[in-house]
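Read-outs: derived from the displayed coordinates by stated rules, not from any lab. This is a predicted model, so every value here is computed, not measured. Here Cβ is always computed from backbone atoms with ideal geometry, including for glycine, and neighbour counts include all displayed protein chains.
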Amino acid sequence: MTERKIEIKIRECQLSELSESDRNLVEMARRASMGSHSPYSRFAVGAAILLDNGEIVTGANQENAAYPSGTCAERTAAFYASARYPGAKFVKLAVAARNVPGPYVSEKDYDRSFQALPISPCGACRQALLEYENTDAPTEVILYGRERVMVFPSIASMLPYCFTEF
């Protein structure tokens, strides 16, 4: 028998410790959550992807009564980015989630509506995103929470032993 140890180095920080461009990407993910259609889970997620051409593409989760017909924010953004900008590489991804679905959150309650701790993409999203990741220039992942931000060096670092490794 062989025993293996998997280690992933991530950074934990406050939003204020990110670069201005990374804070902007996080804010775009936060704003994208306003486009969520989440009447069943009441859990709105937004994602923003920075592409190597400088464009930023956003997406929000879209639920449907005929579950699992909806899709997560991360895949919404990734599929749109790939369709709109074929061949563009994903540079960074930011994800933010809140408990108040819909676009009608008062400015006063906007910041407080977001999760205190970051959420991470589901397994299906991780696998889908991994197929867009450039192994020569990995896609950094920024997971936003009001109290803590987590920064992963790549999508692959979030999915050890993914389908491409067998």
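Between residue 83 and residue 106, what is the label-to-label distance in nm when each label sits 7 Å out along the Cα-to-Cβ direction?
Taking the two extended label points, one gets 3.7 nm.
Calculate, in nm to one decimal, what residue 53 and residue 116 gain on full extension: separation in residues at 0.36 nm each, minus their alpha carbon distance.
19.5 nm
List the trypsin sites (Lys or Arg not before Pro) within the range 41-131 that fall in a DSSP loop (any state other than H, G, I, E or B) and whose Cβ has at most 13 other Cβ atoms within 10 Å.
Hits after loop and neighbour filter: 42.
Can you tell me the 0 to 90 degree angle between the C-alpha axis of helix 73-84 and the longest principal axis of the chain, rounded to 10?
Its long axis makes an angle of about 80 degrees.
If you take the alpha carbon radius of gyration of the range 8-97 and divide it by 2.2 N^0.38 Å, what ratio comes out, to two decimals?
Against the compact-globule rule of thumb, the ratio is 1.13.
Using modelled backbone amide H atoms (1.01 Å from N, in-plane), which distant-in-sequence or interchain residues come within less than 5 Å of residue 100's amide H?
Amide H neighbours of residue 100: 44.
Would you calculate the separation in nanometres between label points at residue 2 and residue 31, each defined as 7 Å from the Cα along the Cα-to-beta-carbon direction?
About 4.9 nm separates the two model spin labels.
Could you list which residues have their amide H under 5 Å from that of residue 141, counting only those 5 or more apart in sequence or on another chain, with H placed in the peptide plane?
93, 152, 154
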